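**Q** The structure under discussion is supplied below as structure tokens; questions concerning it will follow.
The values are calculated or read from the model by the stated rules, or taken from the named source; none is laboratory data. For clarity, every value in this text was computed on a predicted model and none was experimentally measured. Quick reminder, even Gly has a Cβ in these numbers, built from the backbone with ideal geometry, and neighbours come from all protein chains shown. Keep in mind that these areas ignore ligands, DNA and RNA; they rest on the heavy atoms of the full protein, side chains included. Shrake-Rupley method; radii C 1.70, N 1.55, O 1.52, S 1.80 Å.
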Amino acid sequence: MFWILKQKHLTVSRPEVNSKQRAETMAGLIEKWLRNPLLRKALKFCTKKCSKCGRRIDLCLKRYTGKNEEVCIECKAASFLVGKILDTVIEHIGISKYEVMKNLNDPMWRKGLSSVLEGIAYYGPRKPFTGYVPFLIVWNFTKVCNLRCKHCYEVAGKPAHNELTREEALEVVDKMGEAGVAYVAISGGEPLVRPDFFDVAKRIKENEMAFSLATNGTLLSKEKAKKLKDLDCLYIQVSLDGAKPETHNTFRGRNSFERTIQGVKNAVKSDIKVGIATTITEHNYKEVLEIIDLSEKLGADIFMYYNFIPTGRGRNILNLDLSPEKREKILNMLVNQMKERKISLLTTAPQFSRVCSESSFFSLTHFDTFGQTKEKQNSVEFLAEFVGGCGTGRLYFALEPNGDMTPCVFLPIKLGNIKENDILDVWHNSEVLKKIRNRSEFWGFCQSCKSRNICGGCRARAYAYFKDVQGPDPGCIYNKRYWIKVQDCKKNNFSG
């Protein structure tokens with residue numbers, strides 16, 4: 001979709017593709033659709049699911065690229081209409097039809113655009129946007145892990161008694177594919193400990209979905225990296241929480257530093273896009289620049305600053321959470337470093353969008369970052385508001401090892417179970433997701449902030465501290481009074 005993920009889990013990008021150009025192309029197309037009431041009306045017909053042919057808009061986009069899919073008369077009419085509209089939009093924007101056709105031949109890009117157009121038809125021209133289908137599902141594939149990280153949201157270690165079996169996991173992948181999900185980010189626990197990992201990854205590919213792997217790197221051998229490459233894994237994210245062995249090992253345990261570094265090297269040699277993920281706390285705050293230096297030295301493409309969320313085992317280290325002032329300093333440092341670094345610097349902290357907008361950049365948070373230019377400023381501004389910072393419940397949700405669906409891996413609220421509940425039914429009708437999407441009902445400074453559309457605050461942090469998904473994110477400098485308030489509470493009192 002918008003950036004063709006430089007992430008999370010979420011971060012990904014194909015090496016052969018100019019992701020910024022693709023995102024700007026997408027922005028231009030979407031903005032035309034949103035601003036034209038006749039186009040929006042046509043969308044309702046073109047995005048209607050056909051009982052005979054299936055997902056109509058996806059079929060229309062396939063046919064636009066020249067693929068002669070057999071469809072009914074109504075879908076043929078929709079295909080003709082979509083083709084004419086796309087031709088008109090392309091002509092008025094002045095973009096290359098070749099570039100659009102190339103993008104549409106990428107299943108992830110096509111499914112992403114399908115979800116965008118369906119979302120516009122279903123929800124209307126919202127900013128921030130909500131997709132008709134979750135573009136991304138972050139799948140905690142197992143609770144098993146060979147490390148015991150102090151901040152682990154999954155409290156990983158031993159397997160859960162009710163983890164999905166191999167057969168159930170394969171069925172889940174088929175359900176995702178049928179729903180129209182474009183991308184699956186596999187996390188854990190440590191996904192590589194499950195013997196059926198590559199079977200499931202293969203099924204993801206067969207369903208024309210992209211996938212990435214989030215790993216601690218210790219089990220990432222050359223052979224496994226090659227298998228990932230052969231299955232078209234788009235991105236490998238390796239967790240590294242220190243530039244020095246003692247810093248990393250203290251946080252993650254079992255003298256894992258050297259094995260993690262070797263895992264990064266194996267991933268880089270496989271020619272897959274590689275990111276270093278660092279959860280920044282008081283424990284490693286002073287080493288951030290050194291970790292970025294090390295990431296560049298190892299050949300990683302991305303450094304991702306992960307916001308600390310006090311959930312799971314993280315509840316036990318509340319004292320290591322960064323103050324709003326320190327978080328603001330880190331975010332500004334990343335902006336300044338972007339001007340001189342070859343490696344991409346991203347973060348899951350949604351406040352990054354605000355910080356970037358105050359400089360010479362626009363940020364899609366953990367998706368991508370754009371430099372401002374006069375000729376591209378309007379489309380990039382539009383895209384920043386459209387993507388809208390925190391994408392929880394609008395662009396993605398999470399899946400637990402037992403099939404439970406949650407808004408985010410850091411937000412432990414059960415929405416349903418994928419074995420029993422329909423993905424789209426949960427996506428459209430969950431009261432929790434509706435609350436997350438309704439930013440006008442947030443409280444604290446998150447409600448009135450002028451950057452609400454491009455940030456939204458971290459809903460997981462709001463829930464962790466106040467047990468309310470519409471609460472303030474106390475990590476933001478503008479919510480400092482709530483940070484002071486929670487500091488006055490007892491360590492494990494999350495009532496605010």
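**Q** Please indicate, with yes or no, whether at least one residue in segment 222-238 is acidic (Asp, Glu), without any contact (Cβ under 8 Å) to a residue 60 or more places away in the chain and not in a helix (DSSP H, G or I).
**A** Yes; the residues of segment 222-238 include at least one that is acidic (Asp, Glu), without any contact (Cβ under 8 Å) to a residue 60 or more places away in the chain and not in a helix (DSSP H, G or I).
**Q** Okay, moving on. Restricting to segment 172-187, name every residue that is free of Cβ contacts under 8 Å to residues at least 60 places away in the same chain, surrounded by 15 or more Cβ atoms within 10 Å (Cβ to Cβ) and out of contact with any helix residue (DSSP H, G or I) (no Cβ under 7 Å at 6 or more places or on another chain).
**A** Residues of segment 172-187 free of Cβ contacts under 8 Å to residues at least 60 places away in the same chain: 173-174, 177-178, 184, 186.
Narrowing the set further to residues that are surrounded by 15 or more Cβ atoms within 10 Å (Cβ to Cβ) leaves 173, 177, 184, 186.
Scanning segment 172-187 gives GLY177, ILE186.
**Q** Out of curiosity, is ARG254 open to solvent by 20 Å² or more (accessible area, probe 1.4 Å) and not in a helix (DSSP H, G or I)? Give the steps one after another, and end with the answer.
**A** Values: open to solvent by 20 Å² or more (accessible area, probe 1.4 Å): yes; not in a helix (DSSP H, G or I): yes.
Judged against the criteria, ARG254 is a match.
A quick yes/no check of all residues on (1) closer than 30 Å to CYS145 by Cα; (2) open to solvent by 10 Å² or more (accessible area, probe 1.4 Å):
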{"position": "MET304", "(1), (2)": "yes, no"}
{"position": "GLY312", "(1), (2)": "yes, yes"}
{"position": "ARG315", "(1), (2)": "yes, yes"}
{"position": "LEU331", "(1), (2)": "no, no"}
{"position": "GLU340", "(1), (2)": "no, yes"}
{"position": "THR347", "(1), (2)": "yes, no"}
{"position": "PHE352", "(1), (2)": "no, no"}
{"position": "VAL355", "(1), (2)": "no, no"}
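**Q** Which residue, of PHE382, PHE303, is at pLDDT below 90 and out of contact with any Pro (no Cβ under 9 Å at 6 or more places or on another chain)? Don't jump to the end; show me each part of the working.
**A** On the way: PHE303 fails: at pLDDT below 90.
Just one listed residue meets the conditions, PHE382.
**Q** Scan segment 276-293 and give yes if some residue there is open to solvent by less than 10 Å² (accessible area, probe 1.4 Å) and over 25 Å from the mean Cα position of the chain (by Cα), otherwise no.
**A** Keep residues of segment 276-293 that are open to solvent by less than 10 Å² (accessible area, probe 1.4 Å), which gives 276-278, 280-281, 284, 288, 291-292.
Remaining after also requiring over 25 Å from the mean Cα position of the chain (by Cα): none.
Scanning segment 276-293, I find no residue that is open to solvent by less than 10 Å² (accessible area, probe 1.4 Å) and over 25 Å from the mean Cα position of the chain (by Cα), so the answer is no.
**Q** Ok, one more. Kindly indicate which of LYS450, LYS419 is open to solvent by 30 Å² or more (accessible area, probe 1.4 Å) and modelled with pLDDT under 95.
**A** Working: LYS419 fails: modelled with pLDDT under 95.
Of the residues listed, the single one that is open to solvent by 30 Å² or more (accessible area, probe 1.4 Å) and modelled with pLDDT under 95 is LYS450.
**Q** To continue, here is another question. Looking only at segment 192-212, which residues are within 14 Å of CYS145 (Cβ to Cβ) and either without any contact (Cβ under 8 Å) to a residue 40 or more places away in the chain or touching a strand residue (DSSP E or B) at 6+ places or on another chain (Cβ under 6 Å) (or both)?
**A** Residues of segment 192-212 within 14 Å of CYS145 (Cβ to Cβ): 192-194, 197.
Across segment 192-212, the qualifying residues are LEU192, VAL193.
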